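S.K.: Here's a structure for you.
The values are calculated or read from the model by the stated rules, or taken from the named source; none is laboratory data. Note that the structure is predicted; figures quoted are calculated from it, not measured. So basically every Cβ, Gly included, is an ideal-geometry build from the backbone, and we count neighbours across all protein chains shown. Surface areas here come from the heavy atoms of the whole protein model, side chains and all, with no ligands, DNA or RNA. Shrake-Rupley method; radii C 1.70, N 1.55, O 1.52, S 1.80 Å.
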Amino acid sequence: MRYTAYQLAIESDLALPELLPVPAGQPAGPVDVQIRLADVAPGGLPGGQQLGPFLWATPDSLWLEVPHIARFHVQAGHSILVAPAPGADEDSIRVFLLGSALGALLFQRGQLVLHGNAIRIGDQCMVCVGNSGAGKSTLAAGFMQRGYSVLADDVVPVDRQGRAVPGFPRIKLWQDTADQLQIDTGGLRRIRPHLEKFNLPLGPRFTDQALPIRWVYLLDSDHVEQVEFAPIKGMERFMPLYDHTYRVRFLQGMALKGEHLQLCGQLAGQIRLAQVTRPTAGFELDPLIDRLLADMEAHP
């Protein structure tokens, strides 16, 4: 089965319904990434560096085990081997395959990978980064409901031209977020069985065009009465990008930290970067979107 994501042609032994399939009858071109069901030996990588109890890396490989789900071996930016655990469901396997494993592959292909969401604003894009629970996916869904297009959710690769690379045509939403946005989850697919988190298809609100990043907002919450903006300037612009890198510890074992720091510096030089703090209590989405749009208009 063939798919496209992150502007890569992907051939997979596993069905990947979250991705865009290559239409039947379209001429088959070269494959960038192969995902294969195969044996992945336990115990890590011989000669590699152990980064955690279930994580090993060498400069061109990453070995990851998710107990009771699968073992993954990501190699040279071109191959992901998947060894499912006995009885593991495919939905759970795909969560880690399309998250951590594919994120490691994007690192191997020389991209900066941010933990956030990318929204199209005109011919440029805005990236919102933040810790889990900050409201990134809620914000992306709110922009979508206003008619804006989404490039990527959760994993945002940035190419060497400082452009956000489009990912999958869906947003992952928790049930309480869907309730807040009045989105019916009755017909939506759960990302994992028994988990109250759903794949929301973007449909025509997905854009498959890489776009230059102009604004990056660090979303957080605190005991404030209204949304607060704090521009980040000068040398202070560098570390927030590094701190909000997706699975940043992968870089150490794959000997990519130096290159990654260089990519952070390049991006920092071309963006408007600001800390955005929203009230912890009474998260009001529309005023936050209004403030972000006003800030982007003031700093085109």
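S.K.: State all residues of segment 197-234 that are open to solvent by 80 Å² or more (accessible area, probe 1.4 Å) and touching a helix residue (DSSP H, G or I) at 6+ places or on another chain (Cβ under 7 Å); if no residue qualifies, say none.
M.R.: The one that is open to solvent by 80 Å² or more (accessible area, probe 1.4 Å) and touching a helix residue (DSSP H, G or I) at 6+ places or on another chain (Cβ under 7 Å): ARG205.
S.K.: What residue, among those in segment 55-64 that are touching a strand residue (DSSP E or B) at 6+ places or on another chain (Cβ under 9 Å) and more than 21 Å from LEU16 (Cβ to Cβ), is most open to solvent (accessible area, probe 1.4 Å)?
M.R.: Restricting to residues being touching a strand residue (DSSP E or B) at 6+ places or on another chain (Cβ under 9 Å) and more than 21 Å from LEU16 (Cβ to Cβ), the top hit is ASP60.
S.K.: Taking only pairs six or more apart or across chains, which ones have beta-carbon atoms under 6 Å, a first residue in segment 247-260 that is over 13 Å from ARG109 (Cβ atoms) and without any contact (Cβ under 8 Å) to a residue 24 or more places away in the chain, and a second residue that is part of a helix (DSSP H, G or I) and open to solvent by less than 30 Å² (accessible area, probe 1.4 Å)?
M.R.: LYS257/LEU251
S.K.: What's the number of the condition VAL248 fails, among (1) more than 19 Å from the chain's Cα centre (by Cα); (2) among the β-branched types (Val, Ile, Thr); (3) open to solvent by 20 Å² or more (accessible area, probe 1.4 Å)?
M.R.: (1)
Each row is one residue, and each column tells you yes or no for (1) modelled with pLDDT under 95; (2) acidic (Asp, Glu); (3) open to solvent by less than 10 Å² (accessible area, probe 1.4 Å); (4) under 29 Å from PRO193 (Cβ atoms).
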residue: HIS115; (1), (2), (3), (4): yes, no, no, yes
residue: VAL127; (1), (2), (3), (4): no, no, yes, no
residue: ALA141; (1), (2), (3), (4): yes, no, yes, yes
residue: TYR148; (1), (2), (3), (4): no, no, no, no
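S.K.: Based on what the data block shows, is GLN161 in a helix (DSSP H, G or I) and either open to solvent by 50 Å² or more (accessible area, probe 1.4 Å) or under 25 Å from SER100 (Cα atoms) (or both)?
M.R.: no
S.K.: Let me confirm something: among VAL74, VAL82, which residue is touching an Asp or Glu at 6+ places or on another chain (Cβ under 8 Å), in contact (Cβ under 8 Å) with a residue 24 or more places away in the chain, surrounded by 20 or more Cβ atoms within 10 Å (Cβ to Cβ) and part of a strand (DSSP E or B)?
M.R.: VAL82
S.K.: Can you tell me which of ASP153, ASP176 is at pLDDT below 95, outside any strand (DSSP E or B) and among the charged types (D, E, K, R)?
M.R.: Just a single option satisfies the conditions, and that option is ASP176.
S.K.: Looking at GLU284, GLU297, which one is open to solvent by 30 Å² or more (accessible area, probe 1.4 Å), out of contact with any Leu (no Cβ under 9 Å at 6 or more places or on another chain) and at pLDDT 90 or above?
M.R.: GLU297
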